[in-house]
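Here the structure comes first, spelled out in structure tokens, and everything after it is commentary.
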Amino acid sequence: MAEHGITLNRIRPATVGKALLFLALSWLLAILGVMGSALMANGWTDLTTGDMLVRSLVFTPVAAVALLAGDLLLGMVARRVAAAGSHAADVSMLDRFIPRRSTKSVLLFAGILLLFWAFWIIAFYPGSMNYDTYYQITQVYPHGDPVSIGVWSVPNVPVEGAQFSDHHPLFDTLIYGAFGWVSHQLFGTWNVGVFAVAVLQSIGTAIAFSYAFAYLRSIGTPRPLCIGAYVFVCLIPIFGNYASTVLKDMLFSGIYIVWFVFIIEIVRTRGKVLGKRRFLIMSIVLGSLLALTKKTGVYIVVGSMVLFALIYRGSRLRCLLQAAIPGALIWVLLPAVVFPLLNVVPGGKQEIMGTPFQMTARYVSLHENELSDEERQAIDDVLVYDTLADRYSPKWADPVKYAYVQDASRDAWVAYAKTWLVEGLRHPTTYLQAMIAMTTGFVAPGGTVFLEQITWDMENGGNPLLYQPDALAGWRDAATNLFNAIAATPVLNIVLWGVTYCLWIPALAFWICVRHAPRWLPVFIPVLLCIASIMLSPMYDSRYATPLIYTAPLLICLAGSWLAPMKSASHKRLPR
């Protein structure tokens, strides 16, 4: 009995800890869902904080049951398919439908993906894009050229003589600009160049997915689960549509798939794989490309690798090297060397300050009578107090962030920071609502992902160099109608909700990891950093969540690996 008592005493704290974590996770899903739903329409709500807390407590058991049901269902499926696929004949048959870790197999299955995605690639020829990409292409044209519209500017930032702006990553700008400009010179239109980018990006993304599924199978993911995830990526419109959309988010996310596979391998080997020179070099290259293609990329890469250095001490220096090189590239080499050479004006502070600014604006809108003269002055010195409440749009940060005082002094910023902190402590729910109001589709049911269907032609404020052919109007209508039909079909429409990929699947995989394979928890470091980055978005736009959308099927495969008593292709049990 004493031995049993000691065993129970050893187990009990861990069990209690997991139970408390499970309840906390369930409540977090519930409160975010309740608050996001309340704010989804226009960013305002009549519900009090107490009302939302009560509703969250009501929905916490629902979230808990959903997590448990997902755990049990995925576990049951994983174990059954593992048992069913254990016979030699079944294994041989199933292996035909899974990419293997060979160049030929990866390319073959990437080609199959492209066949399914071809409908979306053709329908929105030359390639969907928004103003950001259009603006990036125009920067390669000389000043005074009819196509050039000048660099991105914010108040009080001198841009005279600048050829480029770092408002969007310069790396992407040069790629898009080169394809657009060369296409213009050769064909008199941007269409060919933009379509080339769309096709090349689709090919790269398809190869990345195929490689990822081949890798996951090799480390023990049940075959039918890999097949199911692969078919899901083939059929769900968002994957084919986003793979061919010419935006920095999609370029970044295709690279992110491969980098995330490298993250999984680092965790699987507890950092030992970093001792392989080729793997280390490739990991650094991928991390650097992520930093170059999207502004938040450097924070995700550096943050992940610094934390990995603390976890995997035997590979500390190699992890820190993967953090140092992308960091030095973005924060030292580009601004100190590249920007002066190419006449690049840096982006403004407003991009990283959008959420804090929105918090202040909402506070002023709701609690103006509580502000002291000193607080009003601190806000005015940075955000122009008199018009702040009128500029505040709960679901869009740009009206506030682009009218800030660019040349505010350091003392003004310090005073504003102190005021921001004091007001946040005074009314924390106001700040939380300011953030959730801009990102409701990431946290609440019903926020449908955006179908990327327009290009920046004359109809949308662009120019005649870019256009969608009338001959493809029927394809575009068919694609749009199919997407809308899925989005309007109850239950099925869950596959087109942002929250499914941004919160629900990561939460389910996280809980399964905690319960069944806690040593794999470091895999969720970049996932959590990606979630943090979208929660700081200036509005709900599902393209910001593309890396989470792309890797959600990979998380499901991983979770199945943790649940199933499977062996890897090398006949070694997947370590837990």
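If you count, for each residue, the other Cβ atoms within 10 Å and average over each peptide, how do 523-529, 278-284 line up from highest to lowest?
With the highest mean Cβ count within 10 Å placed first, the list reads 523-529, 278-284.
How large is the Kirkwood hydrodynamic radius of segment 430-490, in angstrom, based on all distinct alpha carbon pairs?
This gives a value of 14.5 Å.
Just add up the charged neighbours of TYR402: K/R +1, D/E -1, any other residue whose Cβ is under 12 Å from the Cβ of TYR402.
After counting each charged neighbour, the total is +1.
Cα centroids of segment 384-400 and segment 98-167: how far apart, whole angstrom?
Between the Cα centre of segment 384-400 and that of segment 98-167, the gap is 30 Å.
I need the helices of the chain that pass two filters: whole DSSP H segments spanning 20 Å or more by Cα along the axis, and mean Kyte-Doolittle score no lower than 0.0.
2-39, 49-84, 103-123, 170-187, 191-218, 248-268, 277-293, 297-311, 473-487, 546-563
What translational diffusion coefficient, in µm²/s and rounded to a whole number, does the Stokes-Einstein relation yield for segment 393-538 at 20 °C and a viscosity of 1.002 mPa s, taking the hydrodynamic radius as the Kirkwood radius over Cα pairs?
110 µm²/s
Where Lys and Arg each count +1 and Asp and Glu each count -1, what net charge lies around GLN350 among other residues with Cβ under 14 Å from its Cβ?
Net charge in that neighbourhood comes out at 0.
Which value, in Å to one decimal place, does the Kirkwood hydrodynamic radius take for segment 228-324 when every pair of different Cα atoms is included?
14.3 Å
GLU265: net charge of surrounding residues, Cβ under 11 Å, Lys/Arg +1, Asp/Glu -1, itself excluded?
Summing Lys and Arg as +1 and Asp and Glu as -1 gives +4.
Could you check the spin-label model distance between LEU521 and VAL414? Points 7 Å from the Cα along Cα→Cβ, value in nm.
3.9 nm
Determine the relative contact order of the chain: mean sequence separation of Cα pairs under 8 Å and six or more apart, normalised by residue count, in whole percent.
Over the chain, the number comes to 22 percent.
Would you calculate the separation in nanometres between label points at ALA487 and ASP390, each defined as 7 Å from the Cα along the Cα-to-beta-carbon direction?
Taking the two extended label points, one gets 3.4 nm.
For ASP398 and LYS272, compute 0.36 nm times the residue count separating them, minus their Cα-Cα distance, and round to one decimal in nm.
Contour length minus the Cα-Cα distance gives 40.9 nm.
Which residue, chosen from SER210, ALA361, LEU39, occupies the Cα position most advanced towards the positive end of the dipole of the chain, where the dipole is computed from +1 (Lys, Arg) and -1 (Asp, Glu) charges on Cβ about the Cα centre?
Going by the charge dipole, the pick is SER210.
Measuring from centroid to centroid over Cα atoms, what is the spacing of segment 432-472 and segment 203-234 in Å?
What the calculation gives is 28 Å, centre to centre.
Report the equivalent ellipsoid semi-axes for segment 110-182 in whole Å, largest first, defined as the square roots of five times the eigenvalues of the gyration tensor built from alpha carbon atoms.
Square roots of five times the eigenvalues give 31, 12, 11 Å.
So what's the projected area for the chain, the Cα convex hull averaged over all directions, in nm²?
30.5 nm²
Dipole size in debye (nearest 20) for the chain around its Cα centre, Lys and Arg Cβ +1, Asp and Glu Cβ -1?
Computed charge dipole of the chain: roughly 3900 debye.
All of the numbers you see were taken from the coordinates with simple rules; none came from a lab. Since this is a predicted model, take the numbers as computed values, not measurements. Backbone-built Cβ (ideal geometry, glycine too); neighbour counts: all protein chains shown.
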